[in-house]
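**Student:** First the structure, then my questions, so here it is.
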Amino acid sequence: MDVYFPLSKRSRTSASGERFEQKKPSIEVLPDECLFEIFRWLRGGRERSSCACVSKRWLILVSNICKYEIRDNSIQALNPKDESTNKKGGIVSEVEHNDVDSDGYFTRSLEGKKATDGGLAAIAVGTASRGGLGKLFIRGSNSWNRVTTVGLRAISRGCPSLRVLSLWNLSSIGDEGLCEIANGCHRLVTLDLCHCPAVTDKSLLAIAKGCPKLTDLTIESCANVGNEGLLALACCCPNLKSVSIKNCPLVGDQGVASLLSSASYSLTKLKLQALNITDEMFSVIGHYGKSVTDLSLTSLPNVSDKGFWIMGNSQGLQKLKSFTIASCLGLTDRGLEAVGKGCVNLKQFYLFKCDLLSDKGLVSFAKVAGSLESLQLEDCHRITQIGLSCSLLNCSAKLKVISLVSCLGVMDLTTGLPPLSPCESLQSLSIRNCPGFSDSSLAVMGKLCPQLQHVELRGLHGITDAGFLQLLKSCNAGLVKVNLKDCVNLSDKGVCRLTNLHRWTLETLNLDGCKISDASLFAIAENCRLLGDLDVSKCAITDSGIAALAHSDLINVQILSVSGCSMVSDKSLPSLRNLGKTLLGLNLQQCKAISRSAIDLLVQQLWRCNILF
């Protein structure tokens with residue numbers, strides 16, 4: 001029998017007579033410069049991606065190839081008279097023609113341990129020939145920071161189409177990395193920097209020069225960013241539309257003022273929080289905020305009532321529609337009235353923790369804010385029932401929404417209230433966690449607001465069936481959404497009356513934590529034809545109540561929550577299956593009487609319903 005042996009090289013012998021095997025040559029022995037030159041001649045994105053998968057070293061090398069550095073290895077490229085030869089003697093590849101104008105279709109996000117230089121390099125290689133990277137979000141963590149300049153350099157060279165860059169909680173990213181972005185990503189329009197302590201004004205100077213199309217800027221908790229960087233952005237980025245600066249101790253009046261003055265005709269959204277700005281800055285806002293429609297001022301300790309008064313009387317905020325003032329201890333009644341006069345087109349106003357604001361200022365503001373549609377007050381403890389009632393009597397004819405949260409001064413009053421006349425425009429009333437608000441206050445609000453459609457009364461232990469019935473009788477338009485969460489003294493009597501009076505309009509009902517039983521579910525099943533969202537969590541309902549809902553021909557509930565209902569058991573399984581014809585969401589959390597096997601069966605049968613358990 002013939003046996004075939006493949007040819008093999010003889011072992012080499014050294015001068016001393018020792019034998020050693022000849023090692024196979026490897027491309028890995030080549031220096032990075034040689035490998036980089038080889039990779040430049042790869043024509044397509046698929047070939048470059050395959051090489052990038054070989055090792056981390058190859059990945060980094062391939063990701064650092066810019067599109068203008070890619071050469072064409074075709075026969076036509078050897079013709080020196082070819083028009084594709086550039087002035088530098090290089091050959092312009094077909095890939096360059098096809099990819100250089102990519103629009104950036106892809107969005108990528110790296111979080112936690114996935115946020116590494118290798119991950120960014122892979123993104124740069126993978127998206128370069130497939131439409132380009134448009135949006136990149138990187139979220140680091142305090143215990144894991146593996147993103148450095150190497151990763152951002154890969155993005156800079158491989159993703160010139162990048163338009164949105166967001167960097168959060170990355171202590172390892174500094175000026176060098178952002179300078180790389182500025183040098184390669186000239187289409188950048190949105191930059192979000194949050195908790196990047198190594199970033200300084202040098203980064204913003206580079207961004208200003210390299211990314212003149214920037215429109216949206218967010219800087220939060222960057223301790224080394226100051227006025228110099230903002231001045232550079234003001235000079236080079238005249239099209240800024242949105243600016244948000246929070247908790248940057250080196251930022252003062254000069255930096256913010258430069259941004260406002262340079263972009264006075266384009267800036268529409270401005271948010272300033274926890275900054276060392278003064279009353280002078282508010283004068284600039286009032287003068288140059290000609291195009292601002294959304295303004296938020298939070299935790300500005302160096303601003304006094306004078307600043308708010310000057311801002312309002314500057315008459316520059318004519319286009320302002322949404323205004324938030326939070327934790328500004330300098331705001332008083334005089335400043336609030338001036339704001340109301342100066343912001344003639346203001347529609348949404350939110351006040352949070354304004355300790356010096358009283359009923360007088362709120363009423364004065366309500367009189368002059370002629371376009372106001374929504375008013376929200378939170379932790380404003382000097383506002384009382386008198387101020388609230390007088391504001392509704394003197395408010396704009398366009399006011400539709402009013403909300404009070406944790407306002408301890410709002411409580412029942414039997415004397416001192418003005419003669420009541422209805423506010424016909426108000427459609428939504430929200431009172432949350434105001435312990436002094438009870439039946440008498442609710443009856444007053446019912447008389448003041450007869451056209452209510454949305455009512456939210458949350459955490460009001462003083463509300464009983466008697467006060468709630470007074471409100472129901474006053475609502476002539478028909479209630480659509482009702483939220484009574486944690487009103488522990490509301491019982492079946494009030495709920496049954498609600499379902500009877502507003503049966504033709506009620507669409508959403510939240511009874512979480514109320515003192516109700518199956519009687520309420522029987523009334524709902526009999527009356528509520530349009531109800532689509534029902535929450536009876538932590539209520540004393542049983543299987544009988546669920547069965548009543550299931551057997552009703554009127555009910556078409558899509559969202560049902562019975563979380564924490566300890567008397568709902570496996571017996572409700574057929575009823576829930578019947579309700580599943582319309583259910584899209586079902587909450588069975590903390591229903592201890594329902595077994596896991598019953599839930600597993602329900603999950604299989606209601607395959608299109610999202611079930612929480």
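The values are calculated or read from the model by the stated rules, or taken from the named source; none is laboratory data. Just so you know, these numbers come straight off a predicted model, no measurement behind them. With ideal geometry, Cβ positions are generated from the backbone for all residues, glycine too; neighbour counts draw on all protein chains shown. For accessibility, only protein heavy atoms count, side chains too; no ligands or nucleic acids. Shrake-Rupley method; radii C 1.70, N 1.55, O 1.52, S 1.80 Å.
**Student:** Using only Cα atoms and rounding to the nearest 10 degrees, what angle (0 to 90) does helix 201-210 make with the longest principal axis of the chain?
**Tutor:** Helix 201-210 sits roughly 70 degrees off the main axis of the chain.
**Student:** Give me the distance between the Cα centres of the stretch 103-142 and the stretch 540-556, rounded to whole Å.
**Tutor:** Spelled out, the Cα-based centre of one part sits 50 Å from the other.
**Student:** Given the convex hull over the Cα atoms of the stretch 255-334, what projected area results after averaging over all orientations, in nm²?
**Tutor:** Mean projected area of the Cα convex hull: 4.4 nm².
**Student:** For Arg146, Arg48, write out the residues from largest to smallest accessible area, computed with a 1.4 angstrom probe and no ligands counted.
**Tutor:** From most exposed to least exposed: Arg146, Arg48.
**Student:** Another question about this same structure. Can you give me the angle between helix 518-527 and the longest principal axis of the chain, using Cα atoms only, in degrees from 0 to 90, rounded to the nearest 10?
**Tutor:** 90
**Student:** Report the rotationally averaged projected area of the stretch 307-463 based on its alpha-carbon convex hull, in square nanometres.
**Tutor:** Mean projected area for the stretch 307-463: 8.0 nm², to one decimal.
**Student:** May I pose another question? Work from the charge dipole of the chain (Cβ charges, +1 for Lys and Arg, -1 for Asp and Glu, about the Cα centre) and give the residue of Gly252, Leu61, Tyr350 farthest towards its positive end.
**Tutor:** Leu61
**Student:** In nm, to one decimal, how far is the modelled label at Val344 from the one at Gln558, with both set 7 Å along Cα→Cβ?
**Tutor:** Modelled inter-label distance: 4.2 nm.
**Student:** Now for a different question. P(r) for the stretch 196-265: what percent of alpha-carbon pairs falls in each 10 Å bin, starting at zero?
**Tutor:** Here the calculated profile for the stretch 196-265 is 22, 62, 16, 0.
**Student:** Would you mind pulling out the separation of the Cα centroids of the stretch 468-501 and the stretch 178-255, in Å?
**Tutor:** 52
**Student:** Jot down the radius of gyration and Dmax of the stretch 491-612, Cα atoms only, both in angstrom.
**Tutor:** 13.2, 41
**Student:** Under a 1.4 angstrom probe, counting protein chains only, how are Glu37, Glu176, Glu280 ranked by accessible area, largest first?
**Tutor:** Ranked list, largest accessible area first: Glu280, Glu176, Glu37.
**Student:** When the Cα centres of the stretch 286-337 and the stretch 571-589 are compared, how far apart do they sit, in Å?
**Tutor:** Result: 51 Å between the Cα centres.
**Student:** Using protein chains only and a probe of 1.4 angstrom, how many square angstrom of Thr200 are accessible, to the nearest 10?
**Tutor:** 40
**Student:** If you take the Cα Rg of the chain and divide it by 2.2 N^0.38 Å, with N the number of residues, what do you get?
**Tutor:** Taking the Cα Rg and dividing by 2.2 N^0.38 Å, one obtains 1.32.
**Student:** Then there's this: Can you give the angle from 0 to 90° between the axis of helix 359-368 and the longest principal axis of the chain, with both taken from C-alpha atoms, to the nearest 10?
**Tutor:** Helix 359-368 sits roughly 80 degrees off the main axis of the chain.
**Student:** Taking a 1.4 Å probe, which of Arg577, Arg382 shows the most accessible area, and what order do the others take after it?
**Tutor:** Arg382, Arg577
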